[in-house]
Amino acid sequence: MLRNSKLANDDHSDALRGTSFKLLQRKVYQLTGIDLSLYKEKQVKRLLESARRRYNADTFGELLKRLEQDDLLLDKFKSRLSINVSEFFRDAARFEYFADNILPEVLNENSTPSFWSAGCSVGCEPYTLAILLAEEQHLDKSIIIASDIDEEAVARAETALYWESEIRGVNDYLRAKYFNHLESVSENEIPEPSRRTSDGKLEDLYQVKKDVREVVEFKIEDLFNCKYKSEFDLIVCRNVTIYFTEAAKKTLYEQLTEALKPGGYLFVGGTEIIFQAEELGIENPAPFFYRRLK
């Protein structure tokens, strides 16, 4: 039961102003472990308002009360606080550069390299990385860790099931080599949300082949509280920080830099720039790639 009667009785506009919004942030943290203060306020408010409407709650106080009482609803709410838009080889030119320039250097420096996909969503990026390593005959010699705070996203990533539109960036050669086209799956295996073609039919489903998916180790972790070994050869953290405050970004990039080995690379998204790179002890040898100085 809510102890703060004012928060329970506020309408949604009042609940998103001043102290009430801070109380809301604190309560969400208590329920989910997600620290909303790390995210841009405008983005947080939009997500919370969307959740309030979706779950037919008249006030945020009512929404919080329902979340306390319904574990299934709470799990859905946590998933909605995460942004899980992903596909294989997203921004193909970036991965082409990585495959041609960064990956050969990494493999030349270390015969048993370790990789971390931070904020992996439903698994497209770590599996993309695994496919590239397989093409270099290096998959069985590599360690790939993938993490995300969203339990549902990680659960789906572990199934390695993907819709046609999620693998549209995979060419025919790689698709045939590393994916199984599924003729049918049981209703409870269909990934959510479902995707349909223009005529309303479900898209075709594919599954990453067993030898590739078994190499990736998935973890449910908050990026700001990860306890992995340091000295990764490569960390992929793309399109994750765009909703963070500047202070949160700085903290995260400090932690990611610490987790890299000297000479290791950080691969970021197309709209992400680390302005304090020199201060962090990293350099920017190519767009979207940062290297920890030795």
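The values are calculated or read from the model by the stated rules, or taken from the named source; none is laboratory data. Predicted model only: the values in this text are computed from it and were never measured. A quick note on method: Cβ atoms are made from the backbone with ideal geometry, for glycine too, and the neighbour counts reach across all protein chains shown.
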Determine whether segment 120-137 contains at least one residue that is under 30 Å from LEU23 (Cβ atoms), charged (D, E, K, R) and touching a helix residue (DSSP H, G or I) at 6+ places or on another chain (Cβ under 8 Å).
no
Name the residue that is farthest from GLY169 (Cα to Cα), counting only residues in segment 60-90 that are modelled with pLDDT of 80 or more and assigned to a loop (DSSP other than H, G, I, E, B).
ASP70
Consider segment 18-33. How many of its residues are closer than 21 Å to PHE224 by Cβ, crowded, with 18+ Cβ neighbours inside 10 Å and at pLDDT below 75?
1
Find the residue count for segment 260-271, including only residues that are surrounded by fewer than 19 Cβ atoms within 10 Å (Cβ to Cβ) and not β-branched (Val, Ile, Thr).
5
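Looking at ASP233, ASP211, ASP199, which is the one that is free of Cβ contacts under 8 Å to residues at least 40 places away in the same chain, of a type in the set (Asp, Glu) and either surrounded by 15 or more Cβ atoms within 10 Å (Cβ to Cβ) or not in a strand (DSSP E or B) (or both)?
On the way: ASP233 fails: free of Cβ contacts under 8 Å to residues at least 40 places away in the same chain; ASP211 fails: free of Cβ contacts under 8 Å to residues at least 40 places away in the same chain.
Going through ASP233, ASP211, ASP199 in turn, just one is free of Cβ contacts under 8 Å to residues at least 40 places away in the same chain, of a type in the set (Asp, Glu) and either surrounded by 15 or more Cβ atoms within 10 Å (Cβ to Cβ) or not in a strand (DSSP E or B) (or both): ASP199.
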Return a yes/no flag: does segment 155-165 have any residue that is at pLDDT 95 or above, farther than 16 Å from GLU217 by Cα and among the charged types (D, E, K, R).
no
